[in-house]
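Input: a single structure, listed below in C-alpha cells.
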Amino acid sequence: MDKTLNLLGLAKKAGLLAIGSEAASILARQGKAHLIITATDASDGTIRRAKANAESSGSRYLAVPYSKFDLGNIIGRGSPGVIAFSDKGLADVFFDKVTEQVRINTRKESDA
C-alpha cells in the first residue's frame with residue numbers, strides 16, 4: 001500500500017479527518033481545516049465546493065492522484081470525494097508527500 005495513503009489511515013484512527021463534502025465544509029467554516037483534498041473522480045461540483053471552502057477558510061486545497069475508492073478503502077468508509085485534515089502537522093506532511101510523489105511521477109513520464 002502507498003505510504004502516503006497510509007497517512008490517511010493514521011489520521012482517521014486519530015480522529016483528525018472530516019470525511020465527505022458536508023463534514024469538510026463544516027470543518028472549514030469552523031476555521032479548523034488545514035488541508036482539503038479531493039479524489040480524481042470527484043464531481044465538478046464537489047471540487048468547486050472544496051476549493052471554495054479552502055479559499056474562504058484560508059486552508060490549502062489539493063487534488064490528489066487517488067480515486068474515491070482508494071480513499072474510502074484506506075479509511076474504511078465508503079468512497080468520499082472530499083476529505084479535510086484538522087491537524088496542521090499531518091496535513092503538511094501529507095501535502096508534501098503527495099506533491100513530491102506527483103513531481104517524481106511527472107519526471108518519470110517526461111523521461112520515457
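The values are calculated or read from the model by the stated rules, or taken from the named source; none is laboratory data. Here the structure is a predicted model, which is why all the values come from computation and not from measurement. Quick reminder, even Gly has a Cβ in these numbers, built from the backbone with ideal geometry, and neighbours come from all protein chains shown.
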Are there any pairs, at least 6 apart or on different chains, whose C-beta atoms fall under 6 Å, with the first in the range 11-37 and within 12 Å of residue 75 (Cα to Cα) and at pLDDT 95 or above and the second of a type in the set (Gly, Ala, Ser) and crowded, with 18+ Cβ neighbours inside 10 Å, and if so, which? 16/86; 17/11; 18/24; 18/84
Can residue 83 be described as free of Cβ contacts under 8 Å to residues at least 60 places away in the same chain and either over 24 Å from residue 103 (Cα atoms) or in contact with a strand residue (DSSP E or B) (Cβ under 8 Å, 6 or more places away or on another chain) (or both)? no
Which numbered condition residue 4 misses (of (1) of a type in the set (Ser, Thr, Tyr); (2) modelled with pLDDT of 95 or more; (3) under 20 Å from residue 101 (Cα atoms); (4) in contact with a helix residue (DSSP H, G or I) (Cβ under 7 Å, 6 or more places away or on another chain)): (2)
Across the range 51-67, the tally of residues that are more than 20 Å from residue 13 (Cβ to Cβ) and either among the charged types (D, E, K, R) or within 10 Å of the chain's Cα centre (by Cα) (or both) stands at 7
